[in-house]
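The structure appears below as structure tokens.
The values are calculated or read from the model by the stated rules, or taken from the named source; none is laboratory data. Source: prediction; values computed, not measured. Here the Cβ positions follow ideal geometry from the backbone for every residue, glycine too, while neighbour counts run over all protein chains shown.
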Amino acid sequence: MKKCDIEGCQYKTRVTFHRKSGQNLCDTHRQQLIKYGKVFERTRATRNEIINCGEFAEIILYRKNNTPHNVRAVIDAGDIERCRNHKWSLVNKPKNRTLYAFSKIDGKTIYLHQYILGTYGKGKYVQVDHIDGNGLMCSRGNLRVCTQQQNIYHQVRLRKDNKSGILGVSFDNKNKKWISQLAIKGKNVHMKYFDTKEEAAQSRRDAELFYFGEFCPNTDINKGLGVD
Ligand SMILES: [Zn+2]
């Protein structure tokens, strides 16, 4: 049986002679050559390339067919050696509106942030939260262990029907006032009326800080609206 000429090829696909390149190629590598004009000398088992940037490092993530994404996960340089032991892939979690890196370890899906902090296998109540909301930023300074409820608060995003552009702030047409609201587990714990949107926004923010402390919803979405 013919063997694929690409070094380290582990694909189990059919191997045929590729006249144009003068090589024996498996179907997978042949497809890459046709589609991308080159072959990627990687297999499903090949570990990620990790670029050491000094303090931090970038793990290059690959697609299922082993062509590189333009997507990288960031870790501390001190975690490079541990992360090298596994193959990291990309997963999109539209519900959380972010991407994550994961690996299959002993048949289980382990996320990079869980791996870094060693929280996997401890049940769903021990969770890791990304402070900046970006699931690929897995430097220890951006990760913190939290409860499931704290994580839910932190992942709060603007609803599609939000018209004010600010979390928990809406205009009450009946009273012609701005309402500042905060609900926890479906119960309103904070509700005040204001003349201006800015006051309502600041009031909502103060309530968030009071109830959630450091696990406030991400504030980036409110940026530029004069709210701290
Ligand atoms: Zn091959």
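Within segment 78-97, is even one residue more than 20 Å from Tyr62 (Cα to Cα), surrounded by fewer than 18 Cβ atoms within 10 Å (Cβ to Cβ) and in contact with a helix residue (DSSP H, G or I) (Cβ under 9 Å, 6 or more places away or on another chain)? Yes, some residue in segment 78-97 is more than 20 Å from Tyr62 (Cα to Cα), surrounded by fewer than 18 Cβ atoms within 10 Å (Cβ to Cβ) and in contact with a helix residue (DSSP H, G or I) (Cβ under 9 Å, 6 or more places away or on another chain).
Within segment 6-28, the set of residues being modelled with pLDDT under 90 and within 18 Å of Thr46 (Cα to Cα) comprises Ile6, Glu7, Gly8, Cys9, Gln10, Tyr11, Lys12, Thr13, Thr28.
Restricting attention to segment 145-177, report how many residues are farther than 17 Å from Lys95 by Cα and in contact (Cβ under 8 Å) with a residue 60 or more places away in the chain.
Here the count works out to 3.
Test Lys160 against the stated conditions and say whether it is over 27 Å from the mean Cα position of the chain (by Cα) and basic (Lys, Arg). Spelling it out, it is not the case that Lys160 is over 27 Å from the mean Cα position of the chain (by Cα) and basic (Lys, Arg).
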